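Here is the structure we will look at.
What follows is calculated from the coordinates using simple rules that are stated; it is not laboratory data. Remember, it's a predicted structure, so these values are computed and weren't measured experimentally. We place every Cβ from the backbone using ideal geometry, glycine too, and count neighbours over all the protein chains shown.
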């Protein structure tokens, strides 16, 4: 499979076909809009969904009939297919598919938008301008209405500045975006806006200058440290690549790495001496909370390793119910790209993401080697640095695959723009005699790599079939367990049947691997629910032996000990929880509730544990 969709020598020879390609490109840019609107606005009307899907199919059918192919071969076709398949699986496993359909529709529209941008026969300057205009309009809304948004959690100087300048315009708020999500939407096109300023003339330069200022100011008042980190990393990469001499470039990279190491050591010393200051303290507090979230989310992912928990807005209740063991939503998404994709799209999504990133940056590296003097090269570099900014931001937050579907299309469109511009850079370089044709011959390598991957999977499956099968049974049990407790409007008989299926799958998993912590913990949770505390204690002790750091296991085992009167053991388990204050409040509620159930013994256990933990 070639890393370049088509070379000029492979393009249709007659002008009619060329005209058709441009017309199809225009149509393909338009038809994803309905899918995106339905997904972002969560309009789940079956008729509208059917119309959107029909519109999606039409240009592909026309392309197949006239040009005899659906889309030129591209290095991400397989990755995008896996993303879609992962989204379909994620919709099936969700405890409430209504929560998943908007994200699935947005994903379908975003993938379609990627191919539309990658195949479009329009001016790359116009495509870049369109992306920047969309981001600038969002920035204008965010900046101009910041003072009218209800954002009580946003405090500090930047928030006060945003409220000051955001109160100058009248209130026309129709949606309140989260500042971090808005930063994820604006950051990708910032470098493109600077290139447009550089390439513009006269009044047009003023327009793009205003766009850049809006984007920069919006990113500033968003207070998004992850976005600033992404911009800093992409800026550093861009500066390094701008050094023509390879030795100087490596020297600069080494000095930069040394500077980062010294900075980390200096901050560590300040922390050790208690002189870190307000800024570092705030960053440490935020980092500690994120690391706890990542650890807990990783444990949650281990319960659903193949399927994920479900697409869309499923994280809040699943995370609360099975990781924090509370009945109300706490956080809406895991704030990390890998965890967000893994939990939402399962193993197919993670494979797709890895495939996409490897293919994308392999493509970038090859164009960078041959296209330095090409006409569209600055747009290409600005585009992929924008994508890099978003991905680095994704290490600390990833709204595109979390709680803000509306940020997803711009990421896919920007990647499509990079691919389309890279092809022009490559073709231009090839015509200049740079030997690009030898660089792009990768079809044979792709099939060799695919064959090696398949053989590796088959051999691994043969050697480790028992652990893999036990994990699969446990995954199925977790799906039915979740549906039995969280599916809305499910009758009692349906919940009982789903819980029985979950228990049966957990039991099958334990027959293959008796030490499997997920199945033991989940069976312990089921036993706690039916107040069979002795059985719960047995299962949870087995789980604790293999995952002593899992907060869900610590809390569940602590409660099992507590309700069986083993207060010292309960105190040992519950004392290891990250949030002991919340546990104390919860035990107070347990004391009241057991009193209403005429279980004064359990109520007194809860009261005594409150005193011990306090």
task: Answer rounded, prolate or oblate for segment 89-139, using the Cα gyration tensor with square roots of eigenvalues a ≥ b ≥ c: rounded when a/c is under 1.5, else prolate when a/b is larger than b/c, else oblate.
output: oblate
message: Can you tell me the length gained on complete extension of the stretch residue 249 to residue 210, counting 0.36 nm per residue apart and subtracting the Cα distance?
response: 10.7 nm
- request: Could you tell me which of rounded, prolate or oblate describes segment 515-614, using a ≥ b ≥ c as the square roots of the eigenvalues of the alpha-carbon gyration tensor, with rounded for a/c under 1.5 and, failing that, prolate when a/b is larger than b/c and oblate otherwise?
  value: oblate
query: In square nanometres, what is the average projected area of the Cα convex hull of segment 142-254?
result: 9.1
task: Could you let me know the centre-to-centre spacing of segment 287-335 and segment 123-148, using Cα atoms, in angstrom?
output: 33
message: So if each residue of separation counts as 0.36 nm, and I subtract the Cα-Cα distance between residue 165 and residue 306, what length gain in nm does that give?
response: 46.0 nm
Residue 157-residue 546 pseudo-label distance in nm [points 7 Å out on the Cα-to-Cβ vector]: 5.2
message: Which of 555, 247 has the fewest other C-beta atoms within 10 Å, and how do the rest follow up to the most?
response: 247, 555
query: What is the distance, in nm, between label points placed 7 Å from the Cα along the Cα-to-Cβ direction at residue 173 and at residue 530?
result: 4.9
- request: Could you sort 326-338, 138-150, 412-424 so that the peptide with the highest average Cβ count within 10 Å comes first and the rest follow in order?
  value: 412-424, 138-150, 326-338
